[in-house]
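Encoded as structure tokens, the structure appears first; notes follow it.
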Amino acid sequence: MLELLTSETPNGWKVAILLEELGEPYKVTPISLTNLEQKQDWYVALNPNGRIPTLIDHDADDFAIFESGAILIYLAEKFGRFLPAETKGRSRVIQWVMWQMSGLGPMMGQATVFSRYFDEKLPKVIDRYVRESQRLFGVLDAALADNDYLAGDYSIADMACFPWVRGHDWAGVDMSRFANLKRWFDLIAARPAVQRGLLVPTPPSAEEMAEKTTRQGKNILA
């Protein structure tokens, strides 16, 4: 049995999407970012970085994996899906996963934090992260000009990037001028497994969402 410890963030959703695409049984353990559960000793023992998500493979001696990109690769390798076995194809997919981890996620996350949660509004800082996020959207758009997916067939590269692109409005990033990216986004969003993954761990109520907006703050990068 696989166990996903997670919360409602892009990094959590990308793993949930892969699990839903795989169709393998898994258990969900919700982690409350509002209550800083990800910083508690029991959780840090599993994930030394104190962020979500964490995956525990109970069929492999309770092996714990942290970092969402590493989890995607682990699951894709374990089940032999969504990551090519051929060297060049595998590299193409992993390049995009690393690109998301090092660029798209951090830039979109900072754009969101400084525009939504930071007490003092810093226009130059906000503009810097929004502009860089838009530049990265342009990188995606160019890569998708002649391709349905980022690295050939549908893969963990698409699953890694999709939840972050999905948050473009919340981060203040305009997607309207990126026609190829919009086409790709709609294609991924229409997948039933993606729709199910976006409900993990559970869809929050209006009251819970309001509380998260006011209290979660900088934990959005978890």
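Mean separation of Cα pairs under 8 Å and 6 or more residues apart, divided by the residue count, gives the chain a relative contact order of 28 percent. Dipole of segment 1-52 computed with +1 at Lys/Arg Cβ and -1 at Asp/Glu Cβ about the Cα centre; of Leu22, Asn35, Gly12, farthest Cα towards the positive end is Asn35. A convex hull fitted around the alpha carbon atoms of segment 67-159 yields 95 Å³ per residue. Applying 1/(1 + (r/R0)^6) with r as the Cβ-Cβ distance of Lys121 and Asp174 and R0 = 30 angstrom yields a FRET efficiency of 0.95.
What percent does the relative contact order of segment 6-137 come to when contacts are Cα pairs within less than 8 Å and at least six residues apart?
RCO, segment 6-137: 16 percent.
Heavy-atom accessible area with a 1.4 Å probe sorts Ile94, Ile52, largest first, into Ile94, Ile52. For the residue pairs Lys14/Lys182; Lys27/Lys78; Lys124/Lys182; Lys88/Lys124; Lys88/Lys182, the C-alpha atoms sit more than 29 angstrom apart in Lys88/Lys124.
Taking all protein chains in place and a 1.4 Å probe, what share, in percent, of the accessible surface of segment 1-130 do carbon and sulfur account for? Reported share for carbon and sulfur atoms: 53 percent.
A 1.4 Å probe run over segment 47-142, with the rest of the protein chains in place, finds 51 Å² accessible per residue.
If you sort Asp61, Asp141, Asp169 by accessible surface, 1.4 Å probe, largest first, the order is Asp61, Asp169, Asp141. Temperature 25 °C, viscosity 0.890 mPa s: under these conditions the Stokes-Einstein estimate for segment 1-135, based on its Kirkwood radius over C-alpha pairs, is 150 µm² per second.
With charges set only on the Cβ (+1 for Lys and Arg, -1 for Asp and Glu), what does the dipole of segment 70-191 come to about its Cα centre, in debye to the nearest 20? Mind showing how you got there, number by number?
Details: 16 positive and 14 negative charges, 19 e Å.
The dipole magnitude comes to about 100 debye.
For segment 13-94, the Cβ-based charge dipole about the Cα centre amounts to some 420 debye (Lys, Arg positive; Asp, Glu negative; other atoms uncharged). Using only side-chain charges placed at the Cβ, +1 for Lys and Arg and -1 for Asp and Glu, the dipole size of the chain relative to its Cα centre rounds to 760 debye. Ordering Glu24, Glu132 by accessible surface, largest first, gives Glu24, Glu132; the 1.4 Å probe counts only protein heavy atoms, with every chain in place.
Calculated from DSSP H runs of 4 or more alone, at -39500 (n - 2.57) each and per residue, what is the 222 nm mean residue ellipticity of the chain, nearest 500? Mind showing how you got there, number by number?
Working: 11 runs with 113 residues, N = 222.
For the chain, the value works out to -15000 deg cm²/dmol.
Heavy-atom accessible surface of Tyr26, to the nearest 10 Å², is about 50 Å², with a 1.4 Å probe and all protein chains retained.
The values are calculated or read from the model by the stated rules, or taken from the named source; none is laboratory data. Keep in mind it's a predicted model, so treat the numbers as computed, not measured. Quick reminder, even Gly has a Cβ in these numbers, built from the backbone with ideal geometry, and neighbours come from all protein chains shown. Please note that ligands, DNA and RNA were not included when accessible areas were found on the heavy atoms of the full protein model with its side chains. Shrake-Rupley method; radii C 1.70, N 1.55, O 1.52, S 1.80 Å.
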